[in-house]
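Notes for the one structure printed next.
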Amino acid sequence: LMVQKLHLFDTLGALIIPHLVGPFSVFLSRQFISEIPTDLFDAARIDGSGPLGVYWHVVLPNIRPAIGAMGIFSAMGTWNDYLNPLIMLNSKEWMTLPLGLVIFDTGRQQDLSATMAVASIIIVPMIVILLIFQKYLIKGITMSGMK
């Protein structure tokens, strides 16, 4: 209903905007920010930084691993999402690859080898993203529980 009231139904925004912030991202960000020493905030304030400057120069550099991990989790969840695009899209112009895989599979005779080949091709971008941002993911996950 919110997507429809914002006039985002059957647009690319209907696929992107609902996945920008999730509960896991909020929790992970909170954990990382709470582990930043208060001395860094005090030093930035003494140097004359306002709230935005403290956020920009202290918080963001220290939560970079968390942002990388959240980006990977969000991208993978959005990429593999089937139900939301099915509900929010009508035209084939914005259909996602999981929806295309179902159309490919049901549009002709059952050919499991072709379906598996297409599914293998669909996961290639996620593997590339994971390989590129692997260090952020590992650092973000291992540092989230440390004090």
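Annotations for the structure displayed:
- Per residue, the chain exposes an accessible area of 69 Å² to a 1.4 Å probe, with every protein chain left in place.
- A DSSP coil position with no more than 15 other Cβ atoms inside 10 Å describes the following chymotrypsin sites (Phe, Trp or Tyr not before Pro) in segment 1-110: F9, Y82.
- Share of carbon and sulfur in the accessible heavy-atom surface of the chain [1.4 Å probe, %]: 69 percent
- Build a GNM of the chain with springs between Cα atoms under 10 Å apart, and of D47, D81, D105 the one that fluctuates most is D47.
- Relative contact order, percent, the chain [alpha-carbon distance under 8 Å, six or more residues apart]: 34 percent
- Shown are E93, E35, whose ranking by accessible area with a 1.4 Å probe and every protein chain present, most to least, is E93, E35.
- Each label point was placed 7 Å from the Cα along the Cα-to-Cβ direction; for H57 and D42 their separation is 1.8 nm.
- Charges were assigned to the Cβ only: +1 to each Lys and Arg, -1 to each Asp and Glu. The resulting dipole of the chain about its Cα centre is roughly 140 debye.
- Span from the segment 89-111 Cα centroid across to the segment 5-36 one, whole angstrom: 26 Å
The values are calculated or read from the model by the stated rules, or taken from the named source; none is laboratory data. Everything quoted here is computed from the prediction, not taken from an experiment. Ideal geometry is used to build each Cβ from the backbone, glycine not excepted, and the neighbour counts take in all protein chains shown. These area figures cover heavy atoms from the full protein model, side chains too; ligands, DNA and RNA do not enter into them. Shrake-Rupley method; radii C 1.70, N 1.55, O 1.52, S 1.80 Å.
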